[in-house]
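Please read the structure below before turning to the comments.
Every number in this text was worked out from the coordinates using simple rules, so none of it is lab data. Worth saying up front: this structure is predicted, and the values here are computed from it rather than measured. FYI the Cβ positions are ideal-geometry reconstructions off the backbone, even for glycines, and counts take in every protein chain you see.
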Amino acid sequence: MSINELAINGGRPCRTLDWPAWPIADDGTERALRDVLFGGRWTLTGNTPNGVEPYEKRFGRAFAEFNGTAHCVPVSGGSVSIIVALRALGVGFGDEVLVPALTWSGCAASVLATGAVPIFVDIELATLAMDPDAAAAAITSRTAAILLVHPYCTIANLDAFVTLARSAGIPMIEDCSQAHGAKWREQRVGTFGAVGVFSMHETKVLTCGEGGAAITGDDELFSRLCQVRADGRKYAPGNDYHQLAVQDAGDLLGHNFCLSEFHAAILWDRLQHLDSELETRERLGALLRSMVQEVDGVFPLDRPEEADMLSYWRFVVRLDLERFGGRSLDAVCKALAAELGIFVIPVDPPIVDSLLYQPMKSIAAKNSPEMRRRLDVAQFDVQHARDAHRTALRIPHRVLLGGEREVEDIVASFRKVQQAFSSAAASDVIGPAL
Ligand SMILES: *Cc1c(COP(=O)(O)O)cnc(C)c1O
């Protein structure tokens with residue numbers, strides 16, 4: 001068997017070593033967790049005050065500071081952070097919210113959870129982020145918010161979206177669930193609109209398993225965010241933690257979306273490592289970008305000039321599949337996954353094509369023919385999102401937490417698969433159908 005035999009056909013894989021671990025925990029993480037376990041406070045809203053500042057509040061303050069903004073409200077998940085932000089902004093039944101055509105389906109489901117209508121805006125192929133011109137064209141008198149996602153390993157065109165949101169007088173929520181710590185013109189993402197929201201799900205670059213946060217520079221909005229996530233309560237004034245940490249406010253109707261002390265303690269600990277992990281991923285991501293684009297038919301996403309720091313949640317490349325012998329993206333992903341021993345899959349499907357997106361089964365659609373008409377996905381043009389799902393693939397961020405050896409193995413895999421597929425097509429020697 002030749003050394004060029006693909007791993008998927010029984011050949012030797014390009015990567016035989018383990019990948020860097022994810023999620024990461026160390027002694028500090030364990031200490032923080034034990035601190036909660038035996039400290040007598042398991043949640044911010046518990047009623048056995050122990051005289052100690054809750055981790056929830058400590059993490060919130062640290063994360064606001066990390067992002068260079070005034071406030072952070074930790075919440076129990078990323079989708080929840082979108083719901084909390086929309087509710088705090090007063091977005092509700094029948095309002096329209098602009099959502100990128102290609103991202104996690106939970107973004108649109110969260111909009112539906114408030115009774116609002118997701119309006120899908122097509123993406124730019126160079127970045128896979130929402131297209132600002134398409135967004136401008138989608139604005140109507142009912143548009144109540146723009147939910148801008150910074151996708152995978154890049155940043156949406158913030159200059160254009162800040163201008164658009166301002167000129168239209170519509171609040172922007174930046175969903176930074178895939179971009180913790182990224183910087184645009186020296187400023188962290190999440191601080192350009194009314195609210196920045198984050199997921200701390202296990203796959204994300206800052207994680208506690210399940211968690212989230214909303215950040216804002218606006219005092220009034222902060223108070224509302226607090227109340228939406230804690231049944232109408234906000235932080236008690238002062239630092240006397242022999243008293244309850246929250247007090248009743250009731251400016252609006254809230255729910256319990258609080259992050260537990262265990263989760264907050266993990267985030268508080270892991271946040272201290274985020275800058276150094278970002279630096280590693282940024283350095284190796286840039287190296288991978290420059291090396292992998294030398295492989296025939298492989299195109300990394302654009303790096304916007306204004307980006308001073310990228311946060312790599314998934315390393316994404318687009319492929320010219322003609323250069324891969326005309327194989328499907330799925331076949332290329334499977335061959336790469338076998339070489340690398342790691343998850344390699346296409347980027348998300350357009351939300352309107354996702355099995356998970358079922359707007360007609362939402363409460364918003366119930367008993368309302370008008371809402372059912374407005375939720376009908378057939379009306380949205382998502383051509384670029386469909387093209388991206390057919391041609392772009394993603395690799396998890398942990399591969400960028402090692403060293404140059406990891407980058408070389410990834411590049412070698414792309415080269416091997418590209419050469420095998422293109423030469424098989426040329427010589428008509430087709431291996432087993434993939
Ligand atoms: C992961 C993710 C979410 C959802 O976060 P959960 O913590 O899983 O609820 C929302 N938006 C984007 C862009 C995400 O990547």
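Highest mean packing first, where packing is the average number of other Cβ atoms within 10 Å per residue, the peptides 375-384, 44-53 line up as 375-384, 44-53. Using the Karplus relation 6.51 cos²θ - 1.76 cosθ + 1.60 with θ = phi - 60°, the per-residue 3J(HN,Hα) values for region 108-121 come to 6, 4, 5, 4, 4, 5, 8, x, 7, 10, x, 10, 7, 10 Hz, with x marking Gly and Pro. For region 383-397, the Karplus equation 6.51 cos²θ - 1.76 cosθ + 1.60, evaluated at θ = phi - 60°, returns couplings of 4, 5, 4, 5, 4, 4, 5, 7, 10, 10, 10, 9, 10, x, 5 Hz by residue, with Gly and Pro reported as x. Which angle from 0 to 90°, rounded to the nearest 10, does the C-alpha axis of helix 55-67 make with the longest principal axis of the chain? That helix lies at roughly 60 degrees to the long axis. Rounded to the nearest 10 degrees, the inclination of helix 78-88 to the longest alpha-carbon principal axis of the chain is 40 degrees.
If Rh is defined by the Kirkwood formula over all Cα pairs and Rg also comes from Cα, what ratio Rg/Rh do you get for region 169-271?
Working: Rg = 14.7 Å, Rh = 14.9 Å.
Rounded to two decimals, Rg over Rh is 0.99.
Spin-label model, residue 167 to residue 361: label points 7 Å out along the Cα-to-beta-carbon direction sit 4.1 nm apart. Centroid-to-centroid, using Cα positions, region 1-78 and region 164-187 are 24 Å apart.
Taking all pairs of distinct Cα atoms, average 1/r, flip it, and tell me the Kirkwood hydrodynamic radius of region 169-211 in Å to one decimal place. Can you show the working numbers first?
Details: mean 1/r = 0.0918 Å⁻¹.
It works out to 10.9 Å.
Ordering 6-16, 234-244, 118-128, 327-337 by mean Cβ neighbour count within 10 Å, with the highest value first, yields 118-128, 327-337, 6-16, 234-244.
Beta bridges from DSSP with both residues in the chain: antiparallel share about 65 percent, rounded to the nearest 5.
For the chain, give the magnitude of the charge dipole about the Cα centre (Cβ charges: +1 Lys/Arg, -1 Asp/Glu; no others), in debye to the nearest 20.
Values: 41 positive and 55 negative charges, 161 e Å.
About 780 debye.
Let me check I've understood the local charge: for residue 144, count other residues with C-beta under 13 angstrom from its C-beta, Lys and Arg +1, Asp and Glu -1. What total comes out? That works out to 0.
Where a ≥ b ≥ c are the square roots of the eigenvalues of the C-alpha gyration tensor, would you call the chain rounded, which needs a/c under 1.5, or, failing that, prolate if a/b is larger than b/c, or oblate?
Numbers: a/c = 2.17, a/b = 1.41, b/c = 1.54.
Judged from the Cα gyration tensor, the chain comes out oblate (a/c at least 1.5, b/c at or above a/b).
Label sites at residue 218 and residue 141, each approximated as a point 7 angstrom past Cα along Cα to Cβ, lie 2.3 nm apart.
For the pair residue 376 and residue 412, label points projected 7 Å from Cα toward Cβ lie 5.5 nm apart. Taking one quarter of the surface of the C-alpha convex hull of region 85-239 gives a mean projected area of 9.7 nm². Peptide packing for 34-41, 367-374, 191-198 was compared via the average number of neighbouring C-beta atoms within 10 Å per residue; ordered from the highest value, the list is 191-198, 34-41, 367-374.
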